[in-house]
1. Excluding residues fewer than 8 places away in the same chain, name every one of the lysines whose C-alpha is closer than 16 Å to that of LYS371.
2. Treating cross-link reach as a plain straight distance, find the aspartates and glutamates whose alpha-carbon is under 20 Å from the alpha-carbon of LYS730, omitting any fewer than eight places away in the same chain.
3. I need the calculated FRET efficiency for the pair THR921 and SER101, taking r as the beta carbon distance and R₀ as 51 Å, to the nearest 0.05.
4. Please tell me the relative contact order of region 118-243 in percent, rounded to the nearest whole number, where contacts are Cα pairs under 8 Å and at least six residues apart.
5. Can you put LYS247, LYS822, LYS360 in order, fewest other beta carbons within 10 Å first?
6. Under the Kirkwood approximation for Rh and a Cα-based Rg, what ratio Rg/Rh is obtained for region 36-113?
7. So in the chain, what percent of DSSP beta bridges are antiparallel if you round to the nearest 5?
8. Starting from the Cα of LYS431, draw a straight line to each of the lysines and keep only those under 17 Å, dropping any in the same chain fewer than 8 residues away.
Amino acid sequence: MYNKNSQINFSKGKTKKSFVLIIVLFFLTLTIKAQEKKTISGTVYDNLGVTLAGATILESQTNNGTTTDYDGQFQIEVSVGSEIVVSYIGYISETIQVTSSSNSFIKITLQEDTFSLDAIEIVAVGYGTMRKSDLTGAISSISSEDLVKGTVTSTEQVLQGKIAGLVVTQDTGDPSSGSSLRLRGGTSLTASNNPLIVVDGIAGVDINVVQPSDIKSIDILKDASATAIYGSRGANGVIIITTKGTKKGLSFNYNGFTGVSYASNHLDMLSANQWRGYVRENNLTDAIDFGGNTNWQKELERSTAMTQSHTINMSSGNENGGLRASISYLKNEGTVKTTELERLSTSLSTYQYILDKAIKFDAGLFANIDKWHPLDYRIFERSFNLNPTIPVYDNNGEFTSVGGTLYENPVEILTNRSTDNKRNRLLGYFKTEANFLNDFQAVLNLSLEHNASTGNTYKPSYAVLEGRSENGYGQKTYGEYTTMQVEAYLNYTKTLGKSNINAMAGYSYLDNSYEGFGAQRSGFVTDLFEYNNLAAGQDYRLGDVYSYKGKSNLASLFARANYAYDSKYMVTATIRKDGSSRFGANNKWGIFPSASVAWRITGENFMESTENWLTNLKLRAGYGVTGNQDGIGEYKSLSILGVGGDSYYDPATDTWSLAYSPAQNPNPDLKWESTEQINIGLDFSLFNKITGSIEWYNKRTKDLLYTYEVPQPPYLVGTILANVGELTNKGLEVTLNANIIQNDKINWSTNLTFAQNTQKIEKLSNQVYETDIIYSGSLHGLSGMSNQFSQIIKEGYPVGTFWGYESSGLDENGEFILSDEKTAIGNVQPDFTIGFGMDFSYNNFDFGFTSYGSFGQDVLNATNMMLYDPNRLPAYNVPDAFLNSGINSAPTYSSYWIEDASFLRLQTVSLGYTIPFKDSTSKLRIYVLGENLAVFTNYEGVDPEVNLTGLSNPGMDRFNNYPRPTTVSLGLNLNLGY
């Protein structure tokens with residue numbers, strides 16, 4: 001029934017006012033509710049449970065946003081009732097509704113999209129990380145899965161052939177030897193050319209303090225726009241190592257292998273029977289046949305050398321903290337007897353969040369102990385010299401000893417002495433990160449690195465060479481260096497619509513100190529003490545005891561700004577100001593700026609028609625200035641005194657005393673070497689299968705350090721260290737990666753790197769310090785070549801230019817036909833280098849190989865130059881090939897002995913089978929690994945891969961013929977996850 005009294009009577013004024021008030025209060029309540037703020041923090045994961053750094057967190061329909069840190073963590077303040085969108089390139093975005101009852105901490109898992117994987121990679125850029133898609137500089141990255149596997153005795157070997165433009169050279173098979181690193185050519189004559197090593201944000205550390213099993217990823221900063229953030233230490237590039245952190249849950253991993261090695265190559269010298277045949281054919285009546293049949297090279301070697309390696313990793317973590325620990329043991333026997341490397345390594349890292357994840361603490365410790373037996377490399381020259389009819393032992397069971405120059409028994413040299421070295425490395429850090437005001441992060445990093453080494457040598461009184469001549473010789477040495485560093489910086493990250501802004505500014509202070517001492521003594525009554533009682537030696541000489549100590553400091557201010565708009569247009573600018581105690585009084589501070597831009601072309605609308613095949617195309621360009629202060633050393637800008645060779649009589653004490661005199665001229669203008677670099681790069685991705693980059697660069701290094709001769713007077717000393725020269729490096733680099741097949745059963749991928757570099761000395765003199773030519777590559781010590789040099793440093797030529805007579809072969813008498821004038825006859829710089837690898841898996845089987853090569857470099861085969869001598873027979877031995885060489889002339893340095901040492905090395909080949917467990921996170925892999933299985937080269941020496949760096953003997957094969965081993969290993973890897 002209709003009741004008119006049930007209607008609201010709008011004609012009454014009071015009721016109207018009440019209704020209006022209700023409506024106003026309702027909307028006011030909604031407004032207040034909308035303005036209510038709530039702080040949301042959380043972690044972003046991918047579909048495999050791995051945290052995503054650099055994911056974008058944006059409040060819908062606002063410019064309020066932030067990004068996740070390296071651990072995938074974020075914090076943002078948003079309005080209640082709004083939505084936040086979590087996005088990451090290569091993944092499907094997630095939208096989350098924020099209500100008053102929403103949890104303050106959330107976990108977000110993003111599912112992978114079909115975008116190019118290259119674009120979503122996170123790389124370290126120095127004092128922070130960036131998405132690879134946002135990079136403007138030349139940075140190459142490699143993950144732990146792609147590092148070189150096998151017997152790695154020096155950590156830098158894991159990068160061999162993996163990075164375009166990075167040359168890693170191990171010029172000997174000695175397991176205790178390290179490797180040299182060169183990135184885009186050398187930039188210095190006398191300073192270090194090695195890149196700066198950064199481990200977990202700690203700059204300038206020894207790369208071998210971290211073992212390969214602890215490495216998560218390595219990022220190589222190549223151009224100055226990327227390395228300028230490291231100022232006076234970034235001229236040779238920067239290698240940033242990020243170590244493995246904890247995983248969610250509990251995991252355990254064991255990786256171990258045992259291998260057998262043998263020498264892969266030898267010089268083909270005359271056997272005893274060949275020597276006897278030569279003597280008979282030439283009726284050499286004065287030849288002495290000692291009745292033996294000795295292959296001296298093989299007498300120095302083990303028939304098989306054993307290698308074993310064992311590594312255990314354990315990780316446990318959750319949302320608020322975690323712990324990771326590892327321990328590894330390596331024992332690698334060298335193919336030459338007595339040589340081996342034994343290493344014990346440990347690492348421990350932990351992190352902890354507090355105050356609702358506003359503050360994070362990180363701590364880490366890496367330590368290892370190396371023990372090895374140094375080798376006297378003179379044994380190789382003796383092994384080539386000795387008559388093959390000489391037996392190793394005489395009839396009395398003693399080492400055979402035959403008189404003659406450079407004719408000592410090499411097995412006796414190898415055996416009758418004690419050499420024991422030890423090295424301890426320690427790196428520790430403590431890091432604090434504090435997030436505040438949503439967009440700011442403050443970081444404080446404290447670190448300490450301590451390295452110490454000891455050396456012990458004893459040559460008994462019955463040993464040839466120094467033992468007999470000095471009636472026993474003992475030596476002990478000790479050296480250590482310590483680096484303490486504190487760095488504090490502030491990061492600001494903001495997302496405003498399509499704009500992403502990141503700014504960073506900080507301060508760094510480094511304190512480096514070193515000290516050491518040594519003692520030696522000879523004239524021992526007994527050999528029983530060996531090197532453990534030097535006081536038992538009775539011969540005292542000046543210089544038997546020495547000690548040293550030094551210290552340097554580096555203070556720095558630095559800043560960087562990154563801006564990206566719509567993931568299409570990127571700009572980066574950096575600046576660093578370094579002040580060093582090494583610099584001269586007039587150059588205490590240096591400024592190192594850089595700038596770079598990038599344009600992701602495929603983000604433009606006019607590129608839509610190519611999106612089916614060209615999934616990424618980005619153009620980059622950058623310029624920057626970096627420095628190199630390693631050539632200065634401590635106190636080089638100051639006037640210092642040293643003990644002179646003369647003594648003076650002091651009548652007051654009626655004694656003779658050593659005289660002190662000036663040992664170094666002061667140079668208040670001394671400063672760092674500076675490198676300007678232009679880089680243009682192009683990144684691309686095709687069909688979501690092929691990714692790659694092309695880089696062109698031009699580097700000009702100024703103010704090269706060299707020790708110049710100066711007149712006396714006005715100078716007190718005849719030489720001075722000064723900044724004068726210039727050199728250039730220009731090159732091209734190409735990197736290609738292809739996922740050929742990728743499905744549930746088959747995965748097939750390949751990678752290729754190519755690099756070409758051209759170097760030239762532009763300047764060596766100025767108006768104050770002058771030199772036309774610098775001689776290098778000394779031949780002193782080779783028969784008949786005292787005070788001769790094989791190379792020059794000269795304007796217009798690259799470093800390592802061989803300079804000598806051009807040879808056009810032999811005349812009818814077997815004499816060398818030589819040019820009238822010396823000229824450039826080769827250089828050690830390669831024309832180009834390559835690396836190539838492949839990985840293939842089918843179901844649970846996997847197969848892969850890696851290889852690398854260097855082409856166009858010249859090497860002086862000084863070993864053959866000495867051995868191809870007609871005067872050696874019959875007293876000394878010669879190579880088999882010498883008998884048919886037609887040479888009838890004494891050794892003469894010329895182009896005849898310069899060889900093209902191009903090579904391609906099959907580095908590793910692996911075959912494995914994986915046994916999966918019911919738990920998908922656990923598995924067992926068994927594998928076989930071969931190393932150094934083949935070398936393709938026309939070089940006639942033992943190995944074409946020789947040292948190409950420095951000024952003393954680059955590109956010279958000079959009896960340092962420790963054979964590089966071929967190794968076959970059987971190993972297993974066990975992963976358990978809980």
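Values quoted throughout were computed directly from the atomic coordinates according to the rules given, and no laboratory measurement underlies them. Values in this document were obtained by computation on a predicted structure and should not be read as measured data. So basically every Cβ, Gly included, is an ideal-geometry build from the backbone, and we count neighbours across all protein chains shown.
1. List returned: LYS331, LYS337, LYS422, LYS476.
2. Those aspartates and glutamates meeting the cut-off are ASP223, GLU673, GLU676, ASP683, GLU695, ASP703, GLU762, GLU795, ASP831, ASP858.
3. Details: r = 34 Å, r/R0 = 0.67.
In this case the efficiency is close to 0.90.
4. Numbers: 232 pairs, mean separation 35.4, N = 126.
The value is 28 percent.
5. Numbers: LYS247 17, LYS822 14, LYS360 22.
Ascending Cβ contact count within 10 Å gives the list LYS822, LYS247, LYS360.
6. Working: Rg = 11.6 Å, Rh = 12.3 Å.
Checking Rg against Rh, the ratio lands at 0.94.
7. Values: 375 of 387 bridges.
So the antiparallel bridges in the chain amount to around 95 percent.
8. LYS244, LYS357, LYS360
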